[in-house]
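Only one structure is covered here, and it is reproduced in the block below.
Please treat every number below as a calculation from the coordinates, not as lab data. Predicted, not measured: the structure shown is a model, and the values here were computed from it. Every residue, glycine as well, gets a Cβ built from its backbone with ideal geometry; the counts of neighbours run over all protein chains shown.
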Amino acid sequence: MIFAPAQPPEHEALVALVNSAYRGQGAQAGWTTEAGYIDGQRIDLASLQADLAAAPDAVILTARDDEGGPILGSVWLEPAKPGLWYLGMLTIRPDLQDRQLGRTLLAAGEAYARERGATRMQMTVVHIRDTLIAWYERRGYALTGETRPFPHGDDRFGKPLRDDLSFVVMEKAL
């Protein structure tokens, strides 16, 4: 696998990848889809570019089988405070989710952050995603007990089909 920070010309492909993985329907949906409780897009090009501009130290790490090949996965990595990095939007192309690329990309993201001074990694997961939470727990993440509100009313992140959505915070010592 080749891991490299995404470049601006790749942003449109990243938006398509993330939306297919998080909000894909039917045959396009992977096991990580949120389509059953959040409708609409997960991200659009304008919000991705705005998020990157607002977080100049953030990087989207991409995964490919070979140089110049298609993006198979990506993950958002951002230093939050000294020693603590935020990991988000871990995405694997839905038709490849049986290749164990998620755990490989997660490990690469953790290594990338660790090489830049991270001692802990933190993420948020929609609270009803029991299977996904368990997947992260098997990789060393633990629930912190902290929750954060879901951005209800902000269509940049989709339209929740439930009023009770929130995020749980998970953390791992690196």
(request) May I ask which residue of Gly102, Leu72, Gln122 lies farthest towards the positive end of the charge dipole of segment 49-125, with charges of +1 (Lys, Arg) and -1 (Asp, Glu) on Cβ and the Cα centre as origin? (result) Gln122
(message) Once each part is reduced to its C-alpha centroid, what is the distance from segment 124-158 to segment 41-98 in angstrom?
(response) 17
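Rounded to the nearest 20 debye, what is the charge dipole size of the chain about its Cα centre when +1 sits on each Lys and Arg Cβ and -1 on each Asp and Glu Cβ? Walk me through the intermediate numbers first.
Numbers: 18 positive and 23 negative charges, 87 e Å.
Its charge dipole is roughly 420 debye.
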(request) Using θ = phi - 60° and the Karplus relation 6.51 cos²θ - 1.76 cosθ + 1.60, list the HN-Hα couplings for segment 151-162 in order, rounded to whole Hz, with x at every Gly or Pro. (result) x, 4, x, 9, 5, 4, 10, x, 10, x, 8, 9
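For segment 2-173, would you read off the P(r) tail past 23 Å as a percentage of all alpha carbon pairs?
Numbers: 5519 of 14706 pairs.
When every Cα pair of segment 2-173 is considered, 38 percent fall beyond 23 Å.
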(message) Could you tell me which residue out of Pro82, Ile60, Gln7 lies farthest along the dipole of the chain toward its positive end? Charges go on the beta carbon: Lys and Arg +1, Asp and Glu -1, centred on the Cα centre.
(response) Pro82
(message) Need the full-extension length gain, Ala50 to Glu137, defined as separation in residues times 0.36 nm minus the C-alpha distance. One decimal, nm.
(response) 28.2 nm
(request) Quick one: what are the phi-derived ³J(HN,Hα) couplings along segment 80-91, Karplus 6.51/-1.76/1.60 with θ = phi - 60°, whole Hz, x for glycine and proline? (result) 9, 7, x, x, 10, 10, 9, 10, x, 6, 5, 9
(request) Can you tell me the FRET efficiency between Glu171 and Ile128 if r is taken as the Cβ-Cβ distance and R0 is 25 Å, rounded to the nearest 0.05? (result) 0.80
